[in-house]
Amino acid sequence: MSEVQNKSIEDIISLVKQKKRWADTKLIVKAYNYAKEKHGTQCRKSGEPYIIHPVQVAYILADIGLDEATICAALLHDVVEDTEVTHEDLVRDFGEEIATMVAGVTKLGELRYQASTEERQVENYRKMFLAMAKDIRVILIKLADRLHNMRTLQYMRPEKQKEKARETMDIYAPIAHRLGISKIKTELDDLSLKYLQPEVYKDLEEKLQTNKEGRENFIQSIIDEVSK
């Protein structure tokens with residue numbers, strides 16, 4: 001439940017190198033420079049340069065060990081929707097694989113979820129969401145995209161915060177669970193709870209903080225005993 005610090009392209013490259021010895025980091029840097037140039041002076045609602053968002057999305061995917069093509073697609077995932085770049089431009093500059101993933105993310109972004117109390121309707125939406133992505137990596141980019149958007153949800157209007165939190169809890173967290181990505185699923189649940197039930201979230205956060213010292217002391221006592 002702690003704040004997550006923004007990562008840089010250097011952090012991504014360092015992480016990729018740790019996980020894959022012969023990674024094509026030049027391609028990742030090319031995608032970063034391309035996205036940075038195309039997004040130009042665009043800003044997020046926080047006032048930060050827009051490029052910060054795709055960089056954080058790419059880092060989330062690098063952290064779970066995704067390949068270079070997926071990381072590049074993450075860096076580029078908004079250029080077709082938000083800039084003058086076309087699908088054909090991406091095919092020319094980065095190849096069919098990366099361009100197709102970006103197109104898939106753009107297509108998923110066009111889906112409009114209407115909150116419903118009917119679990120069957122929600123489940124149908126999840127199935128449609130999964131069926132629209134022919135490449136599972138597109139789903140992973142979309143999950144990382146939603147995770148970073150949830151981390152920065154404080155800059156949205158209160159009604160939009162609840163809308164996005166409900167959609168995340170109903171659709172994105174369950175899909176992350178089905179794919180076995182517990183790290184993303186847990187954080188999506190936590191962040192959704194923060195906006196849907198702020199009092200419950202605050203109570204849990206305080207209890208965790210209160211118990212932290214006790215847990216740390218217990219662990220240290222075990223370490224001391226084993227060391228002896």
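Per-structure values
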| quantity | calculated |
| --- | --- |
| Arg157 vs. criteria of a type in the set (Lys, Arg) and open to solvent by less than 60 Å² (accessible area, probe 1.4 Å) | no |
| Identity of the residue in region 200-215, of a type in the set (Asp, Glu) and modelled with pLDDT of 75 or more, that ends up most open to solvent (accessible area, probe 1.4 Å) | Glu206 |
| Pair list, Cβ under 6 Å, 6 or more apart: region 8-37 residue more than 18 Å from Ile60 (Cα to Cα), other residue surrounded by fewer than 16 Cβ atoms within 10 Å (Cβ to Cβ) and β-branched (Val, Ile, Thr) | none |
| Residues satisfying the stated conditions in region 179-228, i.e. without any contact (Cβ under 8 Å) to a residue 12 or more places away in the chain and of a type in the set (D, E, K, R) | Glu199, Lys202, Asp203, Glu206, Lys207, Lys212, Glu213, Arg215, Glu216, Asp224, Glu225, Lys228 |
| Pick from region 96-135, criterion open to solvent by 90 Å² or more (accessible area, probe 1.4 Å) and of a type outside the set (Asp, Glu), ranking: modelled with the highest pLDDT | Lys107 |
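The values are calculated or read from the model by the stated rules, or taken from the named source; none is laboratory data. Remember, predicted model here, so these are calculated numbers, not experimental data. Every residue, glycine as well, gets a Cβ built from its backbone with ideal geometry; the counts of neighbours run over all protein chains shown. Protein only, heavy atoms only, side chains kept; ligands, DNA and RNA dropped before computing areas. Shrake-Rupley method; radii C 1.70, N 1.55, O 1.52, S 1.80 Å.
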